[in-house]
Structures are given as structure tokens and as C-alpha cells.
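Chemist: My questions all concern the structure below.
The values are calculated or read from the model by the stated rules, or taken from the named source; none is laboratory data. Only a predicted model underlies this, so the values are computations on that prediction, with no experimental measurement involved. Note that each Cβ is placed from the backbone with ideal geometry, even for glycine, and that neighbours are counted across all protein chains shown. When the accessible area is computed, the model is the full protein with side chains, heavy atoms only, and any ligands, DNA or RNA have been set aside. Shrake-Rupley method; radii C 1.70, N 1.55, O 1.52, S 1.80 Å.
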Amino acid sequence: MGDKGLRDWRELAQKAADEKDPKKLLGIIEELNRALEDRENQIRGRLARPGRSAVSSAEISKRVLFVDDEPSIRLTLPPILQNRGFEVRSAASVPEALAAINRQTFDILLSDLNVSEEGDGFTIVHAMRIANPKCITILLTGYPAFESAVEAIHHEVDDYFVKPADVESLISTMERKLAARRDVPAE
């Protein structure tokens with residue numbers, strides 16, 4: 001992929017920032033996610049050391065902060081994630097999420113975009129980026145919009161899922177991004 005792959009995802013990000021049609025934007029975001037996944041795979045391949053044993057998913061830390069104000073979602077998604085090996089802490093509000101971020105280190109933030117007010121998921125993402133810059137951040141929204149997708153790019157959100165999200169795709173993304181972060185050397 002080299003410089004071309006690096007340029008491709010940046011061009012897609014710029015194209016997403018310039019796109020006004022929400023349907024076209026979602027398509028560009030999907031293409032951007034694929035390009036970023038290819039880039040992660042390239043980095044993983046470059047960083048793989050001969051003779052290095054593979055780390056099983058059970059050995060990877062999988063601490064998740066899940067933030068959503070809908071009780072039904074907080075009751076259903078965390079047990080599914082726990083059955084897949086994730087350690088999940090739930091929060092029902094922005095203040096609860098901020099308190100959890102200050103008390104504990106998480107590997108993944110999985111947050112609703114609109115917890116109690118429109119776009120306040122970005123407040124949580126920002127707090128997580130300050131407390132733990134390497135945390136993977138994923139937003140969920142039932143109301144996808146061009147503006148929120150562009151803002152997600154600006155906040156360096158790792159992924160953006162539209163509710164109801166496909167759980168297998170969500171889990172696969174979480175595991176893939178954790179594996180990619182594990183393979184990047186510390187600075």
C-alpha cells in the first residue's frame with residue numbers, strides 16, 4: 001500500500017468532509033473504514049516479527065466503557081459483549097461516563113452519539129482522548145447525519161455505527177482495532 005494507501009485514506013477523509021449528501025457520505029465512510037482497515041493490516045504486517053507467537057484474543061485486554069441512555073440497550077448489549085470476552089462497564093449519562101473515565105482505564109469506548117443531548121457523545125470521546133489517547137472510540141447513532149459524521153472524523157473517532165448496529169460487525173471491528181493497537185509499538 002505504501003504512500004498510495006496513506007494518500008487514499010486521507011483523500012477519502014477529505015472527500016467525506018466535503019460531501020453534502022448523507023447517503024453518499026455513508027458510502028464514503030464505509031470506503032474509508034475499509035481503507036483504514038487495509039492500512040491497519042499493512043502496519044500489522046510490517047510490525048510482525050519472525051518467530052513471534054500470536055497473542056490470542058483472550059490475552060488482549062478488552063475493557064469497554066459502554067455509554068447509552070436507553071435502558072433496554074444497556075441491558076442487552078453488555079451481556080453479548082461479555083460472552084465474547086469483553087469486560088464491560090456501563091454508564092447511562094455523560095456524568096457517569098466521565099466519572100468512569102476518571103476512575104478506570106478502558107481499551108474501548110462504545111458510546112451513543114446523543115446520550116442526553118444531541119452530540120454529547122463527543123464530550124465523552126474528548127474526555128477519553130485526554131485520559132487515554134490510545135483508547136479505541138466507537139460511536140453509535142440512531143440518527144446518522146452528515147454533520148455528525150464529519151465531526152466524528154475531526155474528533156478522530158475510530159468508527160461510527162448506525163443503530164441498530166449489526167452486533168457481529170461491531171464485535172469484529174472492536175476486536176480488529178484492538179489487535180491493530182496491540183501491534184503498534186509504544187512511542
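Chemist: So ASN83 ticks every box in (1) over 17 Å from MET174 (Cα atoms); (2) at pLDDT 90 or above but one. Which box is left unticked?
Modeler: Against the list (1) over 17 Å from MET174 (Cα atoms); (2) at pLDDT 90 or above, ASN83 comes up short only on (1).
Chemist: For the stretch 162-174, name all the residues that are at pLDDT below 85 and buried (at least 17 other Cβ atoms within 10 Å of the Cβ).
Modeler: If the condition is that a residue be at pLDDT below 85 and buried (at least 17 other Cβ atoms within 10 Å of the Cβ), then ALA165 is the only one that fits.
Chemist: Kindly list the number of the only condition in (1) more than 22 Å from ALA35 (Cα to Cα); (2) under 13 Å from the mean Cα position of the chain (by Cα); (3) modelled with pLDDT of 90 or more; (4) open to solvent by less than 40 Å² (accessible area, probe 1.4 Å) that fails for ILE138.
Modeler: Just one mismatch for ILE138, condition (1).
Chemist: What is the residue count in the stretch 102-121 for residues that are part of a helix (DSSP H, G or I) and open to solvent by 10 Å² or more (accessible area, probe 1.4 Å)?
Modeler: 2
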